[in-house]
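Below: the structure, in structure tokens.
Each value in this text was obtained by applying a stated rule to the coordinates, not by laboratory testing. All values derive from a computational prediction rather than experimental measurement. Cβ sites come from the backbone with ideal geometry, for glycine too, and all protein chains shown count toward neighbours.
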Amino acid sequence: MTVHDPIYITTTIPYVNGKPHLGHALELVQADVLARHYRRRGHPVRYQTGTDDNSLKNVLAAEAQGLSVRELVDRNAAAFSDLAGYLSLSTDDEIRTSSDERHKPGVHRLWRACEESGDLYRKHYAGLYCVGCEQFYTPDELVAGRCGEHDTEPELISEENWFFRLSAYADQLRAAIVNGRLRIEPAGRRNEVLSFIDSGLTDLSISRSATRARGWGIPVPDDPSQVIYVWFDALANYITALGYGTDDAELARWWTGAGRQLHVVGKGVLRFHAVYWPAILLSAGLPLPSDILVHDYLTVDGARISKSAGNTVDPAVVAASYGTDALRWWLLRDVPRVGDTDFSIARLIARSNDELANGIGNLVNRIVALIGRYRGGVAGQQDETQQGGTPVRQAQEWQALQAARDKAPVLIDAALAGGDFRKATAAVWAIVDRANRCVSHSRPWDLAKAELAGDRDAGRQLDAVLGTLIATCREVADHLEPFVPRASAKIAEQCAGERLPAPVPLFPRLSLQAG
Ligand SMILES: [Zn+2]
């Protein structure tokens, strides 16, 4: 891959039966970091999000609230759209499956393409259906008769549906995953998909009775008694937004041509993205996505976030109360690559105060203040000669800083390629940590005192120390851009120009807010 290859990055499109919760923010921020990162590395990037409006869950939620489905969907979709501002997302495109003119023609074309491959057929079917998952379950997939995701008892549904010949694609899917054409990260999730395929794929029901769907959704072509299964409809968004069915040029640029297609998804929808979706694409004669990056879940006070548990955290409220930087930093720094992570406001505050305010903010503030005090705000050039036989005290400290700076770009690239945001931010944090130690060990205030007493060597050392440290701060600002874009801009502004502006506190110290 070259830097000119386009990269298409998507989040899943959440169903909009309610307002967004913190889990949505996690996925949106992860995808945004990747989009910003690859743009910085020179790739053309298209970052896309959207909403799944056609879910039966939306129909049920609207009925429960006495609203029309259109009213409910419009209201909640707007709340998802607003997150772009609260979270500083660099989204290029948003698709809404119920109202976007690109969507329905593309879904119909995809249906027909699978039909032409001989992969669709009608069959009477009875099975246990979880509306929460919009999925049939076999009895052995249930936990004590209940859905493992929703802890609800699935409903027995018996109707005639259209089926997709998923079973025909087991070998091709397996091969694509094993040879890396379809890369699934992390490895544990890849293995999970392979064992699901190996356990035997059964054909997939891909339509619902129009009556049961209350007429909401996209009708099956030439069969008005059925609407297209919402997962078939929703997954298609990844290509309908690119013009599949309406504009082949865009599709060629982002999907069928060179480059990469990267889906960021939660563990709960892995099977849909890593098995059903690629099989549908194979049937339609379309290329597979190149990467599926799977994240785990957030919990609040130890419990899975759910509306019924009443523990939803509104990311817009958190961002408005504690700041976009603090929220993004927590999502990226506290959440490990593998495993669920418990969120609390106290943890968000601690992370922000420790690292943004005390770590990064304090570093920049100290350096700018020292340059203001001892050099009238004019920072000297970074002294390259100190890297080998360093003239300043504590040579080891400076070498460690230099090493952290040298390694950071490679570490960030590697970590983000695997979807490890914590490891990527750790590489930036290592620079900050080393730089703060260098300030303490080199004691610029003592060098300034010695210089004032006539020690010219101390003066040269002070120039080298301050020059290296301000260059480090600018580098930190640059590295932080994909992770905390607002903070990055603030630091860059504080460190910019021949004569630095007077130091101002960059990050507020957070404390728990009432309510
Ligand atoms: Zn379920």
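Just a few scattered comments:
- All-pairs Cα distance distribution in the chain, expressed in whole percent, bin size 20 Å: 21, 48, 23, 8, 1
- Extension gain from Lys267 to Asp413, taking 0.36 nm per residue of separation minus the Cα-Cα distance: 50.2 nm
- Relative to the dominant Cα principal axis of the chain, helix 103-116 is inclined by about 60°.
- Helix axis angle, 56-65 relative to the chain longest principal axis, alpha carbon, degrees: 90
- Aspartates and glutamates with Cα under 17 Å of Lys449, excluding same-chain neighbours fewer than 8 positions away: Asp457, Asp463
- Note on Val230, Val69, Val3: ascending count of other Cβ atoms within 10 Å places them as Val3, Val69, Val230, the fewest first.
- Amide H contacts under 5 Å for Thr299, placed H, 5+ residues apart: Thr341, Asp342, Phe343
- Between amide H atoms placed 1.01 Å from N, distances below 5 Å from Gly380 occur with Gly467, all of them 5 or more places distant or on a separate chain.
- Beta bridge orientation in segment 35-188: antiparallel %, DSSP, nearest 5: 80
- By the helix-only formula, in which each DSSP H run with n ≥ 4 contributes -39500 (n - 2.57) and the sum is divided by residues, the chain has a 222 nm mean residue ellipticity of -14000 deg cm²/dmol.
- When the C-alpha to C-alpha distance is required to be over 29 Å, the pairs from Lys57/Lys423; Lys423/Lys490; Lys19/Lys407; Lys19/Lys104 that qualify are Lys57/Lys423; Lys19/Lys407.
- Kirkwood estimate for segment 233-334, i.e. one over the average of 1/r between Cα atoms, Å: 16.4
- Amide H contacts under 5 Å for Gln226, placed H, 5+ residues apart: Ala210, Val220
- Summary value for the chain: 15 percent relative contact order, contacts being C-alpha pairs under 8 angstrom separated by 6+ residues.
- The fewest-to-most ranking of His21, His263, His441 by surrounding Cβ atoms within 10 Å reads His441, His21, His263.
- Overall form of segment 192-274 per C-alpha gyration tensor (a/c, 1.5; a/b vs b/c): oblate
- Dipole-positive endmost among Leu281, His4, Ala144 within the chain (Cβ charges, Cα centre): His4
- Three-way shape label, segment 384-496, alpha-carbon gyration tensor, a/c 1.5: prolate
- Between helix 324-333 and the chain: long-axis angle, C-alpha atoms, 0 to 90°, nearest 10: 80
- Net dipole in debye of segment 193-273 [+1 Lys, Arg Cβ; -1 Asp, Glu Cβ; about Cα centre; nearest 20]: 400
- Counted residue by residue at 0.36 nm each, then reduced by the alpha carbon distance between them, the extension gain from Arg75 to Asp301 reaches 78.5 nm.
- Counting only DSSP beta bridges whose two residues both lie in the chain, roughly 50 percent are antiparallel.
- Exposure proxy ranking, count of Cβ atoms within 10 Å, fewest first, for Thr211, Thr472, Thr299, Thr51: Thr211, Thr299, Thr472, Thr51
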